[in-house]
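K.L.:
Structure in structure tokens, see below.
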Amino acid sequence: MKSFENQTETSPIPTQSQTAFAVQTQTAASAQTKTQNQTEQDRSQASEMVTDRTNVKPKEQANELLFLTPIFHEKIWGGRDLETNFGYTVPDGPVGECWAISAHPNGDCIIANGPYKGMRLSEVWKKASQLFVNPQGAESVSTEELALQHQKEPFPLLVKIIDAHEKLSIQVHPDDAYAAKHENGSLGKRECWYILAAEPGSTIIVGQKTHSKEEFQRLMEAGAWHEILNEIPLAAGDFFQIDPGTVHAIKGGTMVLETQQSSDVTYRLYDYDRVDAEGKKRPLHIQQSLETIDFAAPIPTTAHPDLSKPGLHLLEKNETYTVYHLSLSEADSEKNAFVVHNEHPFLCLSVIEGEGIMTAKEETVAIKKGDHFICPGLVEELSFSGAMQLIISHP
């Protein structure tokens, strides 16, 4: 079996028979007792999670793809393109973000299909943890230990679509260490952008040109943002990796598919002095930003990945996530299919253009632009055919 990373060619469509898919203690002894008691409590809760589940047959648990219902967030800079471009039913007002695959407390998506329908993704992550396991090591993983791990660690990724009708604030995100210390144990925020749409002549801010906190602060206080910010052109199909500590801002007239850590920590440096509907400015986070910016980072440039050929294209691979673009141009589903082999605990998939069909083991489903779903680790193979584009990621 070829690895997911190396699968880049088309293959004949498989037949049905071929497609099997703490309060400080007074003594060390009392501290040890407390630790033991907490461990037993965690194990007890994990055991309850394993048994406190819907009555789902093991085969269904292994085969089920998890389609999600997006959650929408109103933003001062948002628009209505999530409705017009993707056909979503969105709330009134300026809607800036579609949280498409998320188990974060600020936007926990609901499962839309199958035996887990109606459950939040965070619930499934904890109560059906055996779904999210590397298929090659599935038999060696204890269900109880996996549930215990998922109780302590959140679902790691968040996939969103950003509709920047107006420009976003100039901002920066912390890394894991800073966020854990200053943001109640939160994950940091590493993210990346695949540009879905951009108005002609659009630019984006990625990185900054100063070399020290003192230089940055001096220019910022003078309002000399043009001397600070690295502004570069962009077009649909461009890709940007935004590491923690990178100053950045998406500008108006841009739509982005963002893959990121499951975090909602943003530090604003400047918000153009705009006010909300109540006449209030949004808060800035100058101290946190200056402590977070990586002044040694190289200045990024525009990334133009070559996506002209059909197939799977690697966009980014780092310690947090790996992201691919899958492009299919053949509308005749009887001719060819592209087979993706899954060797990871799960895959996040978003259809960003077109439509087609997907086969997972014995089940074939129609998918279209705007669909977002998770392929559990125990589904080892997905077959796609149609004329469409997807963004696929895994931790």
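K.L.:
Could you grab me the full set of residues in segment 234-250 that are open to solvent by 10 Å² or more (accessible area, probe 1.4 Å) and either under 20 Å from Glu166 (Cβ atoms) or of a type outside the set (A, V, I, L, M, F, W, C) (or both)?
P.N.:
Matches in segment 234-250: Leu234, Ala235, Ala236, Gly237, Gln241, Asp243, Pro244, Thr246.
K.L.:
On to the next question. If I go through segment 195-238 residue by residue, how many of them are among the β-branched types (Val, Ile, Thr) and more than 29 Å from Glu353 (Cα to Cα)? Steps first, please.
P.N.:
Initially, segment 195-238 is screened for residues among the β-branched types (Val, Ile, Thr), giving 195, 203-206, 210, 228, 232.
Retained after the next criterion (residues that are more than 29 Å from Glu353 (Cα to Cα)): 210, 228.
Residues meeting the conditions: 2.
K.L.:
I want to confirm something. Restricting to segment 341-369 and keeping residues that are among the small types (Gly, Ala, Ser) and out of contact with any helix residue (DSSP H, G or I) (no Cβ under 7 Å at 6 or more places or on another chain), which single residue is most open to solvent (accessible area, probe 1.4 Å)?
P.N.:
Ala366
K.L.:
A follow-up question, please. Can you name every one of the strands (runs of 3 or more DSSP E) wholly within segment 321-395 that holds 1 or more residues which are over 21 Å from Trp99 (Cα atoms)?
P.N.:
Of the strands (runs of 3 or more DSSP E) lying wholly inside segment 321-395, those with at least 1 residues that are over 21 Å from Trp99 (Cα atoms) span 322-330, 338-341, 346-360, 363-368, 381-394.
K.L.:
Also, I was wondering about something else. Among (1) out of contact with any Cys (no Cβ under 6 Å at 6 or more places or on another chain); (2) crowded, with 20+ Cβ neighbours inside 10 Å, which single condition is Asn85 missing?
P.N.:
(2)
K.L.:
Which pairs turn up if I take residues in segment 135-164 that are in a helix (DSSP H, G or I) and open to solvent by 40 Å² or more (accessible area, probe 1.4 Å) and look for partners that are among the acidic types (Asp, Glu) and modelled with pLDDT under 75 with beta carbon separation below 8 Å, at least 6 apart in sequence or on another chain?
P.N.:
Taking only residues 6 or more apart or on different chains, the pairs are Gln151/Asp42; Lys152/Asp42.
The values are calculated or read from the model by the stated rules, or taken from the named source; none is laboratory data. From a predicted model like this one, the values you see are computed outputs, not experimental measurements. No Cβ is skipped: glycine too gets one built from the backbone with ideal geometry, and neighbour counts run over all protein chains shown. Keep in mind that these areas ignore ligands, DNA and RNA; they rest on the heavy atoms of the full protein, side chains included. Shrake-Rupley method; radii C 1.70, N 1.55, O 1.52, S 1.80 Å.
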